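One structure below.
Since every read-out is calculated from the coordinates, none of them should be taken as a lab result. Here the structure is a predicted model, which means the values were calculated and not measured. No Cβ is skipped: glycine too gets one built from the backbone with ideal geometry, and neighbour counts run over all protein chains shown.
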Amino acid sequence: MSRTIECVLLGKEAEGLDYAPYPGELGQRIYDNVSKEAWQRWLSHQTMLINEYRLTPIEPEARKFLEAEMEKFFFAGGSAAPKEFVPPK
């Protein structure tokens, strides 16, 4: 049986994640407040950030940047795309 949560990104009840997708307090907040659909949106946004900024996620500075963007994406009004980003058609 799936869990239902009030998703902070979608603004409605939706299917919750099966487990905390990130360690620590931020991971628990995501587990408690973010739906599976919203998490998939983040993964797409994160991929765009990694590609546009040419990040190497294993590097500590890149991980710190992505964590801050994840926090903004879900809990602080959104994470913006780089100014140079042109969405695919």
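Which lysines have a Cα less than 27 Å from the Cα of residue 83, not counting those fewer than 8 places away in the same chain?
Those lysines meeting the cut-off are 64, 72.
Given an 8 Å cut-off on Cα distances and at least 6 residues of separation, report the relative contact order of the chain as a percent. Intermediate results must be reported in sequence, preceding the final value.
On the way: 89 pairs, mean separation 19.2, N = 89.
In percent, rounded to a whole number, it is 22.
For the pair residue 75 and residue 20, how long in nm is the line joining their label points, each one 7 Å along Cα→Cβ?
1.2 nm
Starting at the first residue of region 33-47, write each ³J(HN,Hα) from the Karplus equation 6.51 cos²θ - 1.76 cosθ + 1.60 with θ = phi - 60°, in whole Hz, x for Gly and Pro.
10, 10, 7, 4, 4, 5, 4, 5, 4, 4, 4, 5, 5, 4, 4
Taking Cα atoms, how many degrees apart are the long axis of helix 60-75 and the longest axis of the chain, rounded to 10 and kept between 0 and 90?
Its long axis makes an angle of about 50 degrees.
Using Cβ contacts closer than 10 Å as the measure, can you line up 72, 83, 36 from fewest to most? Provide the component values of the computation, followed by the final result.
Values: 72 13, 83 6, 36 17.
Starting with the residue having the fewest Cβ neighbours, the order is 83, 72, 36.
Count neighbours as other Cβ atoms within 10 Å of each site's Cβ, and list the chymotrypsin sites (Phe, Trp or Tyr not before Pro) in the chain that are DSSP loop with at most 13 such neighbours.
Values: sites: 19, 31, 39, 42, 53, 65, 73, 74, 75, 85; in loops: 19, 85.
The qualifying sites are 19, 85.
Got a sec? Which residues in region 19-52 would a label at residue 8 touch, if it sits 7 Å along Cα→Cβ and we count backbone N under 13 Å?
Only 25-35, 39 fall inside the zone, counting backbone N under 13 Å.
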